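Scroll down for the structure; my scribbles are underneath it.
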Amino acid sequence: MEHSKKAADQAEGPDVRERIIAAAAKLISTGGPEAATTRAVAAAAGVQAPTIYRLFGDKRGLLAAVVEESLTRYLAAKSKRVPHPDPLQDLRDGWDMHVAFGLSHPGLFAIMSSDPQPAWQATAADGNDILRRRIQNLARAGRLRVTEDRAIGIIRAMGTGVVLTLLQQPEGERDPGLAEAAREAVVAAITGEAAVAADAGIQGTAMALRASLDQTTVLTKGERQLLTELLDRIADA
């Protein structure tokens, strides 16, 4: 029995673990976490199901290995990126990378956001370290208005939420400005700084006036209602 087990492992080759992870990752990318059954992964990787159990323990261990490998590659690329000289823009760039990663790996993101005590905590901690360094750079520049831990909590909660919200929307119908709006809400919450879009144009002006109507007392009820309708039409054009 032991001899046949060793012979099977040798026949599978030294890269069997990588093959299994790659097969599971492909199944997850095309069909979500539910598609990565032990039987399907074994067939795709060209191994027997017991091999998966020997190497990963169970399906949860296999999914954790897939997430850990993907996170490791993603964080390696993130670490190599040259930081923007403006710490706030650097934070924005990191946010955009996070959203792009989540939207391009919906299956993996679903796994990552559904496990409260993930087996890949050590790798996730590396990502938290990158984020903390960005927050510390903001603090050193005198631009942070909350504690570092509060800033990290806000960013993680909002970042996860916006990706999950966008993933719930049909791909062709996703709100293209949602991630940016959430990002700027986070920036305002942790720094007190509001972004001023250079190309806001007439729509931005209309929205600003629309938001300020409650402070105006010179208009009648009918005039306010009419102006509100006109400004909404301009802003949504």
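The values are calculated or read from the model by the stated rules, or taken from the named source; none is laboratory data. Since the structure is predicted, the reported quantities are computational estimates derived from the model, not experimental observations. Using ideal geometry, Cβ is built from the backbone for each residue, glycine included, and neighbour counts are taken over all protein chains shown. In case anyone asks, the SASA skips ligands and DNA or RNA and just uses the protein heavy atoms, side chains included. Shrake-Rupley method; radii C 1.70, N 1.55, O 1.52, S 1.80 Å.
Looking for something open to solvent by 50 Å² or more (accessible area, probe 1.4 Å), part of a helix (DSSP H, G or I) and not aromatic (Phe, Trp, Tyr) - is there at least one such residue anywhere in segment 46-53? Spell out how you get there, then give the answer.
The initial filter retains those residues of segment 46-53 that are open to solvent by 50 Å² or more (accessible area, probe 1.4 Å), namely 46, 48, 50, 53.
Retained after the next criterion (residues that are part of a helix (DSSP H, G or I)): 50, 53.
If we keep only those that are not aromatic (Phe, Trp, Tyr) as well, we get 50.
Yes, because at least one residue in segment 46-53 is open to solvent by 50 Å² or more (accessible area, probe 1.4 Å), part of a helix (DSSP H, G or I) and not aromatic (Phe, Trp, Tyr).
When the residues of segment 67-91 are filtered to those that are open to solvent by less than 40 Å² (accessible area, probe 1.4 Å) and over 17 Å from the mean Cα position of the chain (by Cα), the one that is farthest from Val187 (Cα to Cα) is Pro87. In segment 54-66, of all residues being of a type outside the set (Lys, Arg) and assigned to a helix (DSSP H, G or I), the one that is surrounded by the fewest Cβ atoms within 10 Å (Cβ to Cβ) corresponds to Gly61. Only one entry in Leu209, Leu213, Leu226 is among the aliphatic types (A, V, I, L, M), touching a Ser or Thr at 6+ places or on another chain (Cβ under 7 Å) and either modelled with pLDDT under 95 or open to solvent by 70 Å² or more (accessible area, probe 1.4 Å) (or both), namely Leu213. Scan segment 20-34 for residues that are buried (at least 16 other Cβ atoms within 10 Å of the Cβ) and closer than 12 Å to Lys59 by Cβ and the total you get is 5. Given the structure, is Leu131 touching a residue at least 40 places away in the same chain (Cβ under 8 Å), touching a helix residue (DSSP H, G or I) at 6+ places or on another chain (Cβ under 8 Å) and surrounded by 15 or more Cβ atoms within 10 Å (Cβ to Cβ)? So Leu131 does not fit the description; no. Scanning segment 100-115 finds no residues that are of a type in the set (Val, Ile, Thr) and out of contact with any Pro (no Cβ under 7 Å at 6 or more places or on another chain).
Filtering segment 157-170 to residues that are surrounded by 15 or more Cβ atoms within 10 Å (Cβ to Cβ) and not hydrophobic (A, V, I, L, M, F, W, C) leaves Gly159, Thr160.
Checking each residue in segment 139-152 for being under 21 Å from the mean Cα position of the chain (by Cα) and open to solvent by less than 40 Å² (accessible area, probe 1.4 Å) picks out Ala151, Ile152.
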